[in-house]
Amino acid sequence: MIDPALREQVADLLWDYADAVDDDRLEEWPGFFTESALYQIIPRAAYDAGQPIGVMLCEGRGMMQDRVNALRTANIYEPHAYRHMLGRPRIAAADAGWDVRTGFCVLRIGQDGDTVVFATGRYVDRVVRDGAALRFASRRVVLDSHRIDILLVLPL
Amino acid sequence: MDMPLNAPAAEVEWPEAGVSRVPFRLFSDPAVYAAEQKRFFRGPIWNFLCLDIEIPNPGDWRLAVVGEIPVVVTRDEHGDIHALVNRCAHKGALVCLQQRGNAKALTCVYHSWSYDLSGQLQSVAFRHGLRGKGGMPDDFDTARHRMEKLRIETFCGLVFGTFSEATPPVEEYLGETMARMIRRNLGRPYKLLGMHSQMIHNNWKLYAENVRDSYHATLLHTFYTTFKVNRLDMDGGMLLSDSGWHSISYAKRATLQAAEEYKTIHSAQYGSALEGSHLLDSFTEFDDGVTHCIQTVFPTLAVQYTLNSLAVRFFTPRGLDKTELFWMYLGYADDDEEKTRMRARQANLTGSAGLVSLEDGCINEFVQRGTRGSEDHAAVLEMGGRDVASSDGSRATETAIRGFWQGYRTVMGL
């Protein structure tokens, strides 16, 4: 049985993360992770097969910061935004933290007004207490589909 | 009677300037697209189908595609590979439905016509009818019916298929220079490290141009320059096959290093403004000094080796203005964990979320949209000259794109 107060804290972490991405506050994005955290976006087939390469991989906040810097200053793409829809997290105690799985659906809203289902899948997270805050020690975004529409530049 | 909207042009008139001009109509005319399915993809070209390591065992099969034609690639009980149009000889239904499978026979779900792994019809349900009534005519001969077969050839684990008897053997088709580079990159056992695809909203030929376009590399893709990545890539160039159809864009590391350094990680050489510079940790695998190469095989295949990121890219039309681009990331069978980690990190540079290359996901769509209503205009491809020839020493050239169009015109008879 997971303590209801903890459940609330985990849910806040998940929703604060989604809000930061959806509100284009991406500079805050690396702060949701521990310093050496793993972030990966990977299709389900590759994940199930234990393959190491997906669509995006960050090892540590530095690589996440580079992603944000790149999409702000180097990468070229049509402006768009996400809207995350999150399912109810399943939380299980694990070594030094909690394993959290959360289904998601992300819509992509283009500058021309077009709204499409961009990605569905589940977050497979390891959440830990890092000082006073909860943070992701690892966050694997397991996509239901192996196909990305156009490109992927904003983190999911 | 109503005139059809967008009445297709009977044929494309190529500008007199030749392959330094490309009519925009080629990217948006439904008649061109329809003609390609018959004439081009069934023409004298080698189409990449899959990797042989994807069907390692007898009975394995995997779906593939040639243009829009559905194909299934099988491995039979003797270990031989076959490529068949995934279409039942009876009514034309798909025979294999799952992306991958293993079976002793291929059976159509519609009326249970059953084929061996080479596509030969073996049995037909109710052939002799039920209780002596119905059934096929007495002279119906299963030996005369089969799934349509493609000629196949495997080169360095790449399985190619062709519908044409006129297609020369793969090595001859590639030419010596191209075959040598494929052997360099794929000539030893390798494994699949991951695969995803990307749906780009443009005609397939715009990506065929884009992947051959070394001119745009540092102009559109500014990741390296923005982050002041010191690549020390001094020399580079664009090599074409004698036919002009295939190409290798390459860059070389400066050749100053001591021999001992060849076996070590050289991340320090990529000094940069990156916070997570281990992204670029790499090691020297080949002693030719080539750190980046993108090789194209006409028409829809590319093999990349950038730093240590080894990948096969394959793209295929999914309609007039849709193209699916597959990224198959590879490592060598004897890679240790450290090498695998470096390849995995470097995979961030390319693919649908590639730090260096993600712009290619939208740039071709910008051309697709930009040329709407301008079918009678043409692109101007004069960087590096107007001819089709290797460009040793410079990648500021569109010669490989002109080479693609040379091949396209030959096959299409345009």
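Have a look at B:P70, B:P56 and point out the one that is under 19 Å from the mean Cα position of the chain (by Cα) and surrounded by fewer than 20 Cβ atoms within 10 Å (Cβ to Cβ).
Every option except B:P70 fails the conditions.
Where residues in segment B:37-53 are assigned to a loop (DSSP other than H, G, I, E, B) and in contact with a strand residue (DSSP E or B) (Cβ under 6 Å, 6 or more places away or on another chain), which of them is farthest from B:G161 (Cα to Cα)? That would be B:F41. Picking from residues in segment B:275-286 that are open to solvent by 20 Å² or more (accessible area, probe 1.4 Å) and within 10 Å of chain A (Cβ to nearest Cβ), the one that is farthest from B:F223 (Cα to Cα) is B:H278. Checking every residue in segment A:74-84 against the condition of being touching a residue at least 24 places away in the same chain (Cβ under 8 Å), within 12 Å of chain B (Cβ to nearest Cβ), in contact with a helix residue (DSSP H, G or I) (Cβ under 9 Å, 6 or more places away or on another chain) and not polar (S, T, N, Q) gives at least one match. Scanning segment B:186-214 for residues that are within 26 Å of B:R343 (Cα to Cα), crowded, with 19+ Cβ neighbours inside 10 Å, more than 14 Å from every other protein chain (Cβ to nearest Cβ) and out of contact with any Cys (no Cβ under 8 Å at 6 or more places or on another chain) returns B:A208, B:V211, B:R212, B:D213, B:S214.
Does B:T177 qualify as being hydroxyl-bearing (S, T, Y), open to solvent by 20 Å² or more (accessible area, probe 1.4 Å) and facing chain A (nearest Cβ under 10 Å)? Judged against the criteria, B:T177 is not a match. How many residues, within segment B:287-301, are within 19 Å of B:Y207 (Cα to Cα) and either open to solvent by 10 Å² or more (accessible area, probe 1.4 Å) or not in a strand (DSSP E or B) (or both)? The number of residues fulfilling the criteria is 4. Residue pairs whose Cβ atoms lie under 6 Å apart, separated by 6 or more positions or on different chains, with the first residue in segment A:94-122 and in contact (Cβ under 8 Å) with a residue 24 or more places away in the chain and the second among the acidic types (D, E) and buried (at least 18 other Cβ atoms within 10 Å of the Cβ), are A:V100/A:D125.
Being closer than 26 Å to B:Q346 by Cα, in contact with a helix residue (DSSP H, G or I) (Cβ under 9 Å, 6 or more places away or on another chain), modelled with pLDDT of 95 or more and not in a strand (DSSP E or B) is a property that holds for B:Y207. Looking only at segment A:9-67, how many residues end up being more than 8 Å from chain B (Cβ to nearest Cβ), without any contact (Cβ under 8 Å) to a residue 40 or more places away in the chain, of a type in the set (A, V, I, L, M) and surrounded by 16 or more Cβ atoms within 10 Å (Cβ to Cβ)? Looking only at that region, the number is 1.
Would you check which residues across segment B:100-125 are more than 17 Å from B:A143 (Cβ to Cβ), hydrophobic (A, V, I, L, M, F, W, C) and free of Cβ contacts under 8 Å to residues at least 40 places away in the same chain and list them? B:C108, B:V109, B:A125 - these are the residues of segment B:100-125 that are more than 17 Å from B:A143 (Cβ to Cβ), hydrophobic (A, V, I, L, M, F, W, C) and free of Cβ contacts under 8 Å to residues at least 40 places away in the same chain.
Evaluating B:E172 against the criteria (1) without any contact (Cβ under 8 Å) to a residue 40 or more places away in the chain; (2) part of a strand (DSSP E or B) leaves one unmet condition, (2). Checking each residue in segment B:350-381 for being hydroxyl-bearing (S, T, Y), surrounded by fewer than 22 Cβ atoms within 10 Å (Cβ to Cβ) and within 14 Å of chain A (Cβ to nearest Cβ) picks out only B:T350. Evaluation of A:H80 against the conditions (1) surrounded by fewer than 19 Cβ atoms within 10 Å (Cβ to Cβ); (2) touching a strand residue (DSSP E or B) at 6+ places or on another chain (Cβ under 6 Å); (3) farther than 22 Å from B:T222 by Cα shows that the sole unmet condition is (3). Residue-level check: of (1) over 17 Å from the mean Cα position of the chain (by Cα); (2) more than 14 Å from every other protein chain (Cβ to nearest Cβ), B:H221 misses just (2).
In this structure, B:G331 does not satisfy being facing chain A (nearest Cβ under 10 Å), within 20 Å of A:D149 (Cβ to Cβ) and either at pLDDT below 95 or in contact with a Ser or Thr (Cβ under 9 Å, 6 or more places away or on another chain) (or both).
Condition check ((1) in contact with a strand residue (DSSP E or B) (Cβ under 7 Å, 6 or more places away or on another chain); (2) β-branched (V, I, T); (3) more than 20 Å from B:V65 (Cβ to Cβ)) across all residues:
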| site | (1), (2), (3) |
| --- | --- |
| B:C88 | no, no, no |
| B:G101 | yes, no, no |
| B:K104 | no, no, yes |
| B:V124 | no, yes, yes |
| B:G132 | no, no, yes |
| B:A143 | no, no, yes |
| B:G161 | yes, no, no |
| B:S164 | no, no, no |
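Filtering segment A:114-149 to residues that are facing chain B (nearest Cβ under 10 Å) and surrounded by fewer than 22 Cβ atoms within 10 Å (Cβ to Cβ) leaves A:S145, A:H146, A:R147, A:D149.
Does B:A347 fit the bill of being buried (at least 23 other Cβ atoms within 10 Å of the Cβ), within 14 Å of chain A (Cβ to nearest Cβ) and not polar (S, T, N, Q)? Here the answer is yes, as B:A347 does meet what is asked. Screening segment B:194-218 for residues that are under 22 Å from the mean Cα position of the chain (by Cα) and of a type in the set (V, I, T) and picking the one that is farthest from B:F314 (Cα to Cα) gives B:I200.
The values are calculated or read from the model by the stated rules, or taken from the named source; none is laboratory data. Every value quoted in this text rests on a predicted model; they were computed, and no experiment measured them. Cβ: placed from backbone, ideal geometry, glycine included. Neighbour counts: every protein chain shown. Surface areas here come from the heavy atoms of the whole protein model, side chains and all, with no ligands, DNA or RNA. Shrake-Rupley method; radii C 1.70, N 1.55, O 1.52, S 1.80 Å.
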